[in-house]
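The values are calculated or read from the model by the stated rules, or taken from the named source; none is laboratory data. Computed from a predicted model, the values in this text were never measured in an experiment. Neighbour counts run over all protein chains shown; Cβ positions are idealised from the backbone, glycine included.
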């Protein structure tokens, strides 16, 4: 005997609007969970990069420091080192450019800031989906509830039976849509807050590393133009 109540009964007895609301909520839930899982894995990876960046300053020279950072192109710490190295080398070329009006400190700062801005945009991509799901899913579920209650009351009125057992079932099923909306919104909100905290921790580490790299490229050993591709650089200062 098939159950006359529950989500399955809501689906089979619902009209186009009810089913559309259910499908939208399901799609929003899948999208939010995909974003949460993917971005959480990214945060774990970037935190590992941040830990490896602490070993960079124990290297005898810049080339070995880059080796410690690894070869992953997604590593923002390695990207900042390469960006700062190239900015320093480019600024010291003899040909005249517009950037010659800037001193080396301002030029390296500008290049590193651009790199951090690009990484920040990449790090925060997808969070808008979680914010949208968390703010709209309860209202979409509420719309499904209102629509379901309206049709339930119409059906009860046409049947002429208004006893509690006839009213509780249809209205209770309509309220399921509100519960589904909350079930979609709550993980999205919690995931959004957790990811924002994780991103903030990574950006703090990256900004601190960029500050140290800026000081090194401005006041430390100079990168030779000829050795830019080969990694032939003057050694870091001892104790750096």
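Taking the conditions exactly as written (under 18 Å from the mean Cα position of the chain (by Cα) and either at pLDDT below 90 or assigned to a helix (DSSP H, G or I) (or both)), does residue 208 satisfy them or not? It is false that residue 208 is under 18 Å from the mean Cα position of the chain (by Cα) and either at pLDDT below 90 or assigned to a helix (DSSP H, G or I) (or both). Does residue 131 fit the bill of being within 28 Å of residue 17 (Cα to Cα), in contact with a helix residue (DSSP H, G or I) (Cβ under 8 Å, 6 or more places away or on another chain), modelled with pLDDT under 85 and assigned to a helix (DSSP H, G or I)? So residue 131 does not fit the description; no. Taken together, the criteria place residue 89 among residues that are out of contact with any strand residue (DSSP E or B) (no Cβ under 9 Å at 6 or more places or on another chain), under 23 Å from residue 206 (Cα atoms) and at pLDDT below 80.
Scanning the range 59-74 for residues that are touching a residue at least 12 places away in the same chain (Cβ under 8 Å) and either buried (at least 21 other Cβ atoms within 10 Å of the Cβ) or part of a helix (DSSP H, G or I) (or both) yields 62, 63, 65, 66, 68, 69.
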